[in-house]
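The values are calculated or read from the model by the stated rules, or taken from the named source; none is laboratory data. On a predicted model such as this, the values are computed, not experimentally measured, just so you know. Note that we place each Cβ from the backbone using ideal geometry, even for glycine, and neighbour counts take in every protein chain shown. Ligands, DNA and RNA are stripped out before the accessible areas are found, and what is left, the full protein with its side chains, is counted by its heavy atoms. Shrake-Rupley method; radii C 1.70, N 1.55, O 1.52, S 1.80 Å.
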Protein chains: 8
Amino acid sequence: MVLPHLDEIDQRIVNLLLENGRLPYAKIGESLCLSRVAIQKRVESLIEDGIIEHFTIRVNVAKLGKPVAVYFEIVVEPRLAEQIGYQLAELPDVINIYQMTGPSTLHMQAHLRDEEELEKFLYEKIFALEGVVSVDTQLVIRNFKPTGI
Amino acid sequence: MVLPHLDEIDQRIVNLLLENGRLPYAKIGESLCLSRVAIQKRVESLIEDGIIEHFTIRVNVAKLGKPVAVYFEIVVEPRLAEQIGYQLAELPDVINIYQMTGPSTLHMQAHLRDEEELEKFLYEKIFALEGVVSVDTQLVIRNFKPTGI
Amino acid sequence: MVLPHLDEIDQRIVNLLLENGRLPYAKIGESLCLSRVAIQKRVESLIEDGIIEHFTIRVNVAKLGKPVAVYFEIVVEPRLAEQIGYQLAELPDVINIYQMTGPSTLHMQAHLRDEEELEKFLYEKIFALEGVVSVDTQLVIRNFKPTGI
Amino acid sequence: MVLPHLDEIDQRIVNLLLENGRLPYAKIGESLCLSRVAIQKRVESLIEDGIIEHFTIRVNVAKLGKPVAVYFEIVVEPRLAEQIGYQLAELPDVINIYQMTGPSTLHMQAHLRDEEELEKFLYEKIFALEGVVSVDTQLVIRNFKPTGI
Amino acid sequence: MVLPHLDEIDQRIVNLLLENGRLPYAKIGESLCLSRVAIQKRVESLIEDGIIEHFTIRVNVAKLGKPVAVYFEIVVEPRLAEQIGYQLAELPDVINIYQMTGPSTLHMQAHLRDEEELEKFLYEKIFALEGVVSVDTQLVIRNFKPTGI
Amino acid sequence: MVLPHLDEIDQRIVNLLLENGRLPYAKIGESLCLSRVAIQKRVESLIEDGIIEHFTIRVNVAKLGKPVAVYFEIVVEPRLAEQIGYQLAELPDVINIYQMTGPSTLHMQAHLRDEEELEKFLYEKIFALEGVVSVDTQLVIRNFKPTGI
Amino acid sequence: MVLPHLDEIDQRIVNLLLENGRLPYAKIGESLCLSRVAIQKRVESLIEDGIIEHFTIRVNVAKLGKPVAVYFEIVVEPRLAEQIGYQLAELPDVINIYQMTGPSTLHMQAHLRDEEELEKFLYEKIFALEGVVSVDTQLVIRNFKPTGI
Amino acid sequence: MVLPHLDEIDQRIVNLLLENGRLPYAKIGESLCLSRVAIQKRVESLIEDGIIEHFTIRVNVAKLGKPVAVYFEIVVEPRLAEQIGYQLAELPDVINIYQMTGPSTLHMQAHLRDEEELEKFLYEKIFALEGVVSVDTQLVIRNFKPTGI
C-alpha cells in the first residue's frame, strides 16, 4: 500500500503491521534500527492520529461457513432510502452498504452460507421491506485480487 | 459476526481478536476461564485450519490521503476479460476486482486522493487498456455501515 | 449427456432409457452383457436414489396446437414476488417459472396457441395480477438445439 | 396438460404416458375400457403423427452432479450470430439455446457442476468465442414450478 | 409491393390503384387487355375479399400544419394498459398506437404542429392520465423511405 | 383529421376523399352545394400545393399474406448509419425506416409472411449487413387504433 | 460565436461585449470606425430586440465555495412532473432544470460546496419530494470546453 | 446566488454586477454607502482573486437564429475519449462538453438553427468521428428555470 502522507519509517511500521499485526515492537525496531520504545511511541501516535484504527485479524469467511459472497443493488423509493439503508445495515450478514453517485440504488454486500440462505435472505430480509422497488443480485464468479481487502 | 461452524470458545476468541488483534493470550484466557496455553493452542489451530488468515491492522485510508472511494463497473471485450482483470488487479490503488454473475463487466474498487487523481486514473489506467469497452464510475455518497469491512 | 456421478453401466442404462423409455430390460441387458434381472435392479436403484424421476413421453407441443413458445420477464413488486410466482405457476399453459439472480424479475415460459391467445394471456393472466409492474414478452425465432430439453 | 387438438381418448392416453411412460398398453386399455390392441394402434398413430416424439425418462440433473442451473444472455455480433449459436449448441452441458424476438442476444441454459465449473465454462467456452460481445449470467434462486419441464 | 396471394392480373390491378386510386377501370382494362367490366368485377371481388379496404388519398401532413412527427413509448401500469391504450387512441392527433412484444410499453405515433404543442400534448394528454409511469419521446430526424406508408 | 391550415370547404373535400378516394366530384359538389367544376379546381389546387399527394387504395396487408407486422430497432455503427439506412429502405417488405432523436438506432417497420420469413429476414437482410451492431425485434400484439394510418 | 441573423457590425459589437461587457461604447466605435452614439443606438436596438438580454459578469463558482458541479437525472411520476420541476427550480443552488425529449426525466444541474452538501442536498431536497421515483447523480470529471457557457 | 466565501459587501457587489454588468461603480457605491474608489478597488480584488472572471453580456441564442437547444450523450471508445472530447469542443455550435462520473459517455450541449441543421450536425460532425460508438440526442421541451445560466 502506498501511503503518501507518512514519513518513511511510519510507512514501514504500518506495512509491517498490516502483514503481521502481532509483530512485537522490539522486532519492528530491529528491522528499522530503532528501539522498541521508539516504535511503541510511533505506533501510539499513529493510533492517536486515527491512521491505525485498530488491531484485528483477517478471517476466512468461506471457511467459517459463509462462502457465498453476494452483491446487491437495491432500488428503493427515495423517501425511504435512508430508513432502508439503516435497517439493512443492522443485519449481521451485511458486510457493507452504500449510497453512491449514479442511480439512487443502495449497494450492499453480504456473506451467506449457501444458495438456500440467499433465497431466504432475499425474500425475508430485502423483498419484505417497505419501499424496496427491485433488487439486482450478483454472485462473485472470480476474485482477481484475493489479497485485496 | 455470527460464525456457525465454530464451538463457542473459538467463536469468542475470534471475536475478541477481531476487536483487538494484539490482545495477550493470557487476557483472553482470563475472560474465558482458560489457561494462556489453551488459548494459544486454539489460536494456532484456527490459523492452521485457515480460519484466521493473519493478524493485521485496520488503516484509515481517508486519513492517509486516499479519501475518495470509487467504484468502477468496467465493460470489457470478453476475450480480454481475464487479461484486463489481472492487469487492473496489479494497480496499487485497486482494493478489489471481481468477475460476477450478471453482465460480464468487471467490478472494481479503488481509493484515490482526489477528483484530479480520479480523472488521471480513469484516462491513463482504465481507458488506455486494450479491450475496455466502457466504464461506469461511481463515488460513495453515504456509508450506512462504517464499522463494516 | 455426461453423468459424472454414475458408474459406467448405470450411465449406459440412463442413456439408453433417455433415448427409448420403453426399451425392455432384457434388451438393455443384452447390449450390456447383463441379465434382465440385473438391469431391473439397477433401474430400481436409480429410481430409489432419485436419479430417474419417472418414465415419461416427449410430446410435440407445436403439433398439439400450442406452437407459440413465449418467454416472459415479469417485473413485480418485491413484497408480492412470492405470491405472484405461485399464482402464475398454477396456470396450465405455464411450462416453468423461476426467480433468478440478476434483476428481481420472474422468468416464465409458456406455450400458447397463437398470437391472439398471447394477447389474451398477457392482458388477462399477467397484467391483471396485483403487483405486476411490467412485462417483457419474447417469442422464439430460432431454436439452435431442437434436441435439447 | 390441455391438448386441444386430440379426441378425449387420445388425450387420456397421452396424459397417462406422460405420468408413466412404461405403463403397459393393457393397463391403459383397462382404465379406458378398450383392448390392448386398440391402445397400441392409437399410440402408433400418435407417434406417426409426431405428437409423441419418443419415450424417455426424466432425470434429476442435480442428483447427477450438475445442480447449478445457469441462464445466459449472450450478446453477439449479428453477422456471427448463426455460427455462434450452432457452436454453443454443440456443448454437452448446454440444455437449450434460442434466438428470440427482443434484443438480438442468444438465450442459453446450461447445467453445471458448481461455481468453479461455471467460471471455467464462462471463460473457456463463451468468452473465448469470436464475436461474443458480452454475456449476462444468472443462476436459479427459486423454482416456482418444479413439476414443469 | 409483392402480393404473394393474388393471381397476376389482380396484382397488377392493385398496384395500378395503389399508384392512382382514381384511374378509370377502362384505362386499367386497356393496359391489361381486358374489358372495363372485367376490371370492375375483379375490383369488386378484391373489395369483398377485404383485400382493398377502401379508396383514399395520401395527405401531406407536414403541409397541413402538423409537421412534427413524434414517436412515444409509454410505460403504463399493466392493469391500466388496456384503458390507457383506448383513451389515447381517441385523440385526433394520434396516428397509431400499439401493444407489442418486448417491454409492456405502448408505442404511439402522433403528428403535431410544433414543439410548443408537443409540450402541451405531453403534459396535458399523456402525463395527466392515471397509470402512466413514464414516457419516452422521440422526434424524427431523417426519413429514409419517404415513399413508404 | 383536424386540418388547421385549410378553409372549411377544402377541409371537407379532403375528408370526403380520405373516406372514398373515388367519390365523383359531382357528388362532392352536391353535398357542399358547389358545382362539379368548382370541386375539380379545388382538388387540383390541393394537388398542386402538395396537400393531396396522390389517390391510392388502402390494402389489407394481412389478407395479402403479410400478416406479421414487425418493428425493428437497429443499433448501427454511426459512421455506417446513413449507408445502412438507405440499404434497408430499398427492401420491398420495409414499410418505413427513420433516424430519430434518442439513441442513434434506426427505427424500421416491415410486413412479413410468417415467423419463418422473419427468421430469414433477420439473418439474411439485417444481421448480414456490415455495421449492424444489434437488433431489437418486436411484433404487434394489439392495435388500439385499427383505423389509423 | 456565429450569429447568422445579424449584420456584420452588430455581430462584431455582440462579440466585443461578450468578451468585455464594460467596454466603453467609444472604444467599440473606434475599432469599428463608427461614432460612440452609433454604437449606443445599435446596442439599444439589440437590447430592445431581446438579442442582448442583459449585461452581467461571469463568476467563478468553484472559487466562491461551490466547486462541485453536479448533474441530476430525476425520474418523476408524470402527473407530478410539472410541480416537481418548479419546486426544484426555486432552489438557489440549482443552475438549470429541463424537461427534454427522451425519457420523461428532469435534467438538473447544481453547484454545491462539497460531497457532504451533496449528500444533504440529495436526501433533503430531492429524495424528500413527493413523486420522485429515482435519481441519477453524476459529477463532472473533466470539462473539455472551460470557455463554454 | 448564495456566495458563502465572501464578506457581505463583496457579495452585494457581485450580485449587483450579475444583474447589471455595466452599473457604474459610483452607483454601486451609493447603494452600499461607499465611495466609487472603494468599489473599484474591491472589484479589482474580485477580478484578481479570480472570483469575477470577466464582464460579459447574456445573449438570447434563440433570437439569434439558434433556437434548438440540443443535448447529446455520446458513447465513445474509451481510448479515443480524450481526442474526441477535444475535437467536439472546437465546434463553434458546441456550448459545453464534459466527461462525468457514471457511464463513460461524453455529455455535450449545442445550439442549432433547426432540425435540418441537427440532422447535418449529427451525421457530419458526430457520426463521422472515429471512435464514436453511439449517440443519444435530446431536445429541450420545457425550461423550468429560464433565468438560470
Checking an interface number: how much accessible area is buried between A and C, summed over both chains, with a 1.4 Å probe, in Å² rounded to 100?
900 Å²
Mind listing the phi-derived Karplus ³J(HN,Hα) values for the range D:112-126, rounded to whole Hz, using 6.51, -1.76 and 1.60 with θ = phi - 60°, and x for any glycine or proline?
10, 5, 6, 5, 5, 5, 4, 4, 5, 4, 5, 6, 8, 9, 10
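Name the shape class, rounded, prolate or oblate, that the alpha-carbon gyration tensor gives for the range B:61-139, where a ≥ b ≥ c are the square roots of its eigenvalues, rounded holds for a/c under 1.5, and otherwise prolate holds if a/b is larger than b/c and oblate otherwise.
Values: a/c = 1.99, a/b = 1.73, b/c = 1.15.
It comes out prolate by the Cα gyration axes.
Within the range A:63-111, list the GluC sites (Glu not before Pro) lying in a DSSP loop whose Cβ has at most 14 other Cβ atoms in a 10 Å radius. Working shown, then result.
Values: sites: A:GLU73, A:GLU82, A:GLU90; in loops: A:GLU90.
Passing sites in the range A:63-111 are A:GLU90.
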Counting only protein heavy atoms and leaving out ligands, DNA and RNA, the solvent-accessible surface of E:HIS111 at a 1.4 Å probe, in Å² to the nearest 10, equals 40 Å²
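Sort the protein assembly as shown into rounded, prolate or oblate with this rule: let a ≥ b ≥ c be the square roots of the eigenvalues of the Cα gyration tensor; rounded if a/c is under 1.5, and if a/c is not under 1.5, prolate when a/b is larger than b/c, oblate otherwise.
Numbers: a/c = 2.43, a/b = 1.00, b/c = 2.42.
The shape class here is oblate.
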Using θ = phi - 60° and the Karplus relation 6.51 cos²θ - 1.76 cosθ + 1.60, list the HN-Hα couplings for the range H:34-41 in order, rounded to whole Hz, with x at every Gly or Pro.
9, 6, 4, 5, 4, 4, 4, 4
Need one number: nm distance between label points at D:GLN40 and B:LYS41, each 7 Å from Cα along Cα→Cβ, rounded to one decimal.
7.6 nm
Determine which chain A residue has its Cβ at minimum distance from the rotation axis mapping A onto E, giving the value in whole Å.
A:VAL133, 6
F:LEU106: net charge of surrounding residues, Cβ under 12 Å, Lys/Arg +1, Asp/Glu -1, itself excluded?
-2
Of C:MET100, C:ALA62, C:GLY131, whose Cα points farthest to the positive end of the dipole of the range C:61-139 (charges on the beta-carbon: +1 Lys, Arg; -1 Asp, Glu; origin at the Cα centre)?
C:ALA62
Residue mean of other protein chain beta carbons inside 10 Å, C:33-41:
0
Alpha carbon centroid spacing (whole Å) that separates the range F:90-104 from the range G:46-95
37 Å
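Given G:LYS63/H:LYS66; A:LYS125/D:LYS145; C:LYS41/D:LYS41; A:LYS66/B:LYS145; B:LYS66/G:LYS66, which pairs have Cα atoms separated by over 25 Å?
Numbers: G:LYS63/H:LYS66 31 Å; A:LYS125/D:LYS145 23 Å; C:LYS41/D:LYS41 31 Å; A:LYS66/B:LYS145 19 Å; B:LYS66/G:LYS66 22 Å.
Those over the limit are G:LYS63/H:LYS66; C:LYS41/D:LYS41.
Over the range G:66-149, with the other protein chains present, what is the accessible area per residue in square angstrom, probe 1.4 angstrom? Each step should come with its number before you reach the end.
Working: 3160 Å² over 84 residues.
Solvent-accessible surface per residue comes out at 38 Å².
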Average Cα contact separation per residue, chain B, under 8 Å, 6 or more apart, as relative contact order %
22 percent
For the range E:18-40 versus the range G:116-149, the gap between their alpha-carbon centres in whole angstrom
67 Å
Percent of accessible area on the range F:13-149 owned by carbon and sulfur, 1.4 Å probe?
50 percent
Theoretical ellipticity at 222 nm over the protein assembly as shown - DSSP helices of four or more residues, -39500 (n - 2.57) apiece, nearest 500
-9500 deg cm²/dmol
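How much FRET efficiency would the formula 1/(1 + (r/R0)^6) give for F:LYS27 and H:ASN143, where r is the Cβ-Cβ distance and R0 is 41 Å, rounded to 0.05? Can you show the working numbers first?
Working: r = 51 Å, r/R0 = 1.25.
FRET efficiency, F:LYS27 to H:ASN143: 0.20.
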